[in-house]
Amino acid sequence: MHSRGRDKRLTVWGAISPIYMATSYPFLDVETKRYPRYFNTPNQEVIGKKIAALENAEAALPFGSGIAAISTSLLAFLKKGDHVVFQNEIYGGAHNFIVKEFQNYGIEYDFTEGVDLENFKSKIKSNAKVIYIETPSNPLLTITDVKAVSKLVKKHNIVSMIDNTFASPINQTPIDLGIDISIHSATKYLGGHSDILAGAVAGSKEHIDKIFQKGINFGGNLSDFMCYLLERSIKTLALRIEKHNKNAQIIAEYLDGHKDIAKVYYPGLPSHPNYKIAKAQMHGFGGMLSFELHKNIDAIAFQNALKMIKPSMSLAGVESTILMPALTSHALLSEDDRNKIGISNNLLRFSVGIEDYQDIINDIEEALQEVKK
Ligand SMILES: *Cc1c(COP(=O)(O)O)cnc(C)c1O
């Protein structure tokens, strides 16, 4: 009686999708010939639809890691003789993939500052097929004007891609801003609990189909169990992001103007060089920020003095974590080169968690007092 307009089969489903671990499915008399590497098990389909909905995209695919999503997407649109423009400041693993692999495929690339539109314009060659941006970027929270970039590429018939990991789809929906393909390391905010390695790609049906065709050949699929965990995580995504945003804003304001802090990088601070653009294109400023300790404070001693905030390679979990780019993501650069791009030995990247913000502030304050003793 009350099920009018509903698919009756759904009434046997619970609030969460059952896990389909099967790698073998019927192929006779069925609409879909299912196989995990074809991105079409029930769990893969469910998570793809949810991510597409979050991104306001027609379609989405889950991948086994953020890098699988990035590499498969790039190679779906680039072949021998093509050219691609990247923003300078992109995720280290993506940077490594480009500089180590692209020459083997005969793909040309250029990096550019990527803040001013002119930076991109000047790099576009006649054989350019893709522009790839990351905003907010890692670790300096640089903001690129997403709308301006998507307008530019439409004129040149180039496919635009964004790494939307730092913002999450709650804070930024790049497809609405004209970008073709939005990519995530779902290991970060989408997962949110530091227990999933996953990636995702969202875009139009046509673009996602191209990535799907490459995905079948490269095999970077997400397992059904991970799909289940990711589905569970996404249920609280909006709530978590709301708290990440709120805490990060409070922490950024606390650090900004603190006598022991030389500089704060956070798009939610009006002093951020692209605050206005961030405000226009983001629904929230996110949980990631970076700050530089004053020269007289030792960054390693400071990290060791923290009690609640843990030094960690990853980010975007519910717990606050901190990382020193000079020792980790940018360790391969010389100190000179690091300083040139603003990554000093005293720079810390801070993934603000969802704890009580006063606990976070107390931990930082006590650690500062400890190292100054
Ligand atoms: C972690 C990360 C990636 C890579 O994702 P993996 O899931 O580790 O493969 C890509 N982009 C950004 C911005 C990241 O933080």
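Structure notes:
- Filter pass, Ser271 being part of a loop (DSSP other than H, G, I, E, B) and crowded, with 16+ Cβ neighbours inside 10 Å: no
- Within the option set Ala53, Ala60, being closer than 25 Å to Met226 by Cα, touching a strand residue (DSSP E or B) at 6+ places or on another chain (Cβ under 7 Å) and of a type in the set (Gly, Ala, Ser) holds for one residue only, Ala60.
- Near pairs, Cβ below 6 angstrom, 6+ apart or cross-chain, from segment 47-75 (at positive phi) to any residue that is within 14 Å of the ligand (Cβ to nearest atom) and not acidic (Asp, Glu): none
- Pairs where the first residue, in segment 87-101, is over 15 Å from Ile183 (Cα atoms) and the second is part of a helix (DSSP H, G or I) and within 12 Å of the ligand (Cβ to nearest atom), C-beta under 7 Å, 6+ apart: Phe97/Ile67; Phe97/Ile70; Phe97/Ser71
- Taking segment 38-83 as the range and being more than 27 Å from Gln103 (Cα to Cα) and either part of a loop (DSSP other than H, G, I, E, B) or over 23 Å from the mean Cα position of the chain (by Cα) (or both) as the test, the residues that pass are Tyr38, Phe39, Asn40, Thr41, Pro42, Glu55, Asn56, Ala57, Glu58.
- In segment 218-237, residue farthest from Ser312 (Cα to Cα) [restricted to those that are within 15 Å of the ligand (Cβ to nearest atom) and in a helix (DSSP H, G or I)]: Phe218
- Meets criteria (within 16 Å of the ligand (Cβ to nearest atom), within 24 Å of Thr173 (Cα to Cα) and surrounded by fewer than 20 Cβ atoms within 10 Å (Cβ to Cβ)) for Leu75: yes
- The number of residues in segment 346-373 that are in contact with a helix residue (DSSP H, G or I) (Cβ under 8 Å, 6 or more places away or on another chain) and at pLDDT below 95 comes to 0.
- Verdict on Leu306 being in the same structural domain as Thr135 (by TED's automatic domain parsing) and open to solvent by 10 Å² or more (accessible area, probe 1.4 Å): no
Matching residues to (1) open to solvent by 90 Å² or more (accessible area, probe 1.4 Å); (2) assigned by TED's automatic domain parsing to the domain that holds Ile183; (3) under 24 Å from Ile211 (Cβ atoms):
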residue: Ile16; (1), (2), (3): no, no, no
residue: Met21; (1), (2), (3): yes, no, no
residue: Tyr25; (1), (2), (3): no, no, yes
residue: Asp29; (1), (2), (3): yes, no, no
residue: Pro42; (1), (2), (3): no, yes, yes
residue: Glu45; (1), (2), (3): no, yes, yes
residue: Ala53; (1), (2), (3): no, yes, yes
residue: Ala60; (1), (2), (3): no, yes, yes
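- Members of segment 78-110 found to be within 16 Å of the ligand (Cβ to nearest atom), open to solvent by 10 Å² or more (accessible area, probe 1.4 Å) and closer than 19 Å to Lys121 by Cβ, listed by number: Asn88, Glu89, Ile90
- Of all residues in segment 224-242, those being surrounded by fewer than 18 Cβ atoms within 10 Å (Cβ to Cβ) and not hydroxyl-bearing (Ser, Thr, Tyr) number 6.
- In segment 188-211, the residues that are over 16 Å from Arg240 (Cα atoms) and of a type in the set (S, T, N, Q) form Cβ pairs under 9 Å with partners that are open to solvent by less than 70 Å² (accessible area, probe 1.4 Å) and not in a loop (DSSP other than H, G, I, E, B), at six or more places apart or across chains, as follows: Ser204/Ala59; Ser204/Ile175; Ser204/Ile181.
- Entry remark, segment 149-193: residues being touching a Phe, Trp or Tyr at 6+ places or on another chain (Cβ under 7 Å), under 11 Å from Tyr132 (Cα atoms) and more than 10 Å from the ligand (Cβ to nearest atom) number 3 in total.
The values are calculated or read from the model by the stated rules, or taken from the named source; none is laboratory data. What you see is a predicted model, and the numbers here were worked out from it, not measured in a lab. As a convention, Cβ positions derive from the backbone with ideal geometry for all residues, glycine included, and neighbour counts pool all protein chains shown. Please note that ligands, DNA and RNA were not included when accessible areas were found on the heavy atoms of the full protein model with its side chains. Shrake-Rupley method; radii C 1.70, N 1.55, O 1.52, S 1.80 Å.
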